[in-house]
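To keep things clear, I will list the structure first and then write my remarks on it.
The values are calculated or read from the model by the stated rules, or taken from the named source; none is laboratory data. Just so you know, these numbers come straight off a predicted model, no measurement behind them. A quick note on method: Cβ atoms are made from the backbone with ideal geometry, for glycine too, and the neighbour counts reach across all protein chains shown. Only protein heavy atoms, including side chains, enter the accessible area calculation; ligands, DNA and RNA are left aside. Shrake-Rupley method; radii C 1.70, N 1.55, O 1.52, S 1.80 Å.
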Amino acid sequence: MRFATFTSTAHRIVREASHIARSSHEHYLISLQRSGIGRMQQAGEVCELQAGDIGIVDGARPFSVTFPQSVDRAIAVIPSAMMHRRAPWLRERPIGRMAREPDLHPMLRMTIERLASPVGRPAAEVELLADNLCNLVALLTVHDERERKAAQAQLSDLERMLAFTRRHLADPRLSPQMLAHHMQ
């Protein structure tokens, strides 16, 4: 995984098949548009990002991104395997804008900002935040109930137990019985 921020004047990025052939890693680019406009094009689809939008593009397929004016972005480069475990539908829909869901979108934005900040982070924090980033992207790219069920099925029982336990650590009622009830 890699994380970065950049500010630039108008420009265009093109990733062609020849660039992909030289790369040994398949990945997705998760882009937080901090300011300006970004027009992503891939597989005949176009997705425009305005300030505050978060988009995704498959780095294993040719794409272009055009910035018609000055731009400020934060980028997360996530291995495809990490995303496909949580969001297998991305194989069919490689480009898009994250839903502006009122609870999850701000969490994804904050996660990207924290991971892309220049402040060094302990490896354990980066690992947990990156895992959260992948889970949030999966939730925000779901288009229908079939995909929602597929996302839920991807979570192992252990991951579900850990997630539930983390969410309820401050709850004095947390107990093995409460966890068992949740897991049914």
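Determine if the stretch 23-30 includes at least one residue that is within 19 Å of the chain's Cα centre (by Cα), over 23 Å from P88 (Cβ atoms) and hydroxyl-bearing (S, T, Y).
No; the residues of the stretch 23-30 include none that is within 19 Å of the chain's Cα centre (by Cα), over 23 Å from P88 (Cβ atoms) and hydroxyl-bearing (S, T, Y).
Restricting to the stretch 6-27, name every residue that is in contact with a Pro (Cβ under 8 Å, 6 or more places away or on another chain) and within 21 Å of E113 (Cα to Cα).
Passing the criteria: only H27.
Within the bounds of the stretch 72-91, is there any residue that is in a helix (DSSP H, G or I), of a type in the set (D, E, K, R) and without any contact (Cβ under 8 Å) to a residue 60 or more places away in the chain?
yes
Each row is one residue, and each column tells you yes or no for (1) open to solvent by 30 Å² or more (accessible area, probe 1.4 Å); (2) assigned to a strand (DSSP E or B); (3) closer than 13 Å to G59 by Cβ; (4) not polar (S, T, N, Q).
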| residue | (1), (2), (3), (4) |
| --- | --- |
| F3 | yes, yes, no, yes |
| F6 | yes, yes, no, yes |
| I13 | yes, yes, yes, yes |
| I20 | yes, no, yes, yes |
| S23 | yes, no, yes, no |
| Y28 | no, yes, yes, yes |
| Q33 | no, yes, no, no |
| M40 | no, yes, yes, yes |
| C47 | no, yes, no, yes |
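Does H182 satisfy the criteria of being in contact with a helix residue (DSSP H, G or I) (Cβ under 8 Å, 6 or more places away or on another chain), under 27 Å from A60 (Cα atoms) and surrounded by fewer than 16 Cβ atoms within 10 Å (Cβ to Cβ)?
No; evaluated as a whole, the condition is false for this residue.
Please list, ordered by first then second residue, the pairs with beta carbon atoms under 7 Å, 6 or more apart or interchain, first in the stretch 45-65 and in contact (Cβ under 8 Å) with a residue 60 or more places away in the chain, second assigned to a strand (DSSP E or B) and of a type in the set (S, T, N, Q).
Listed by first residue and then by second, the contacts come to I54/S31.
Please work out which residue is farthest from W89 (Cα to Cα), limiting yourself to the stretch 119-146 and to residues that are touching a Ser or Thr at 6+ places or on another chain (Cβ under 9 Å) and in contact (Cβ under 8 Å) with a residue 60 or more places away in the chain.
Applying the filter and picking the extreme gives A130.
Just give me the residues in the stretch 56-82 being over 18 Å from A10 (Cβ atoms) and either within 14 Å of the chain's Cα centre (by Cα) or open to solvent by less than 10 Å² (accessible area, probe 1.4 Å) (or both), in sequence order.
I56, V57, D58, G59, A74, A76, V77, I78, P79, S80, A81, M82
Of all the residues that make up the stretch 128-146, how many are more than 18 Å from R167 (Cβ to Cβ) and either open to solvent by 50 Å² or more (accessible area, probe 1.4 Å) or not small (G, A, S) (or both)?
8
Taking the stated definitions as given, is E101 touching a helix residue (DSSP H, G or I) at 6+ places or on another chain (Cβ under 8 Å) and either without any contact (Cβ under 8 Å) to a residue 40 or more places away in the chain or of a type in the set (K, R) (or both)?
yes
Look at the stretch 89-124 and say how many of its residues are among the small types (G, A, S), within 17 Å of R148 (Cβ to Cβ) and surrounded by 16 or more Cβ atoms within 10 Å (Cβ to Cβ).
Count: 1.
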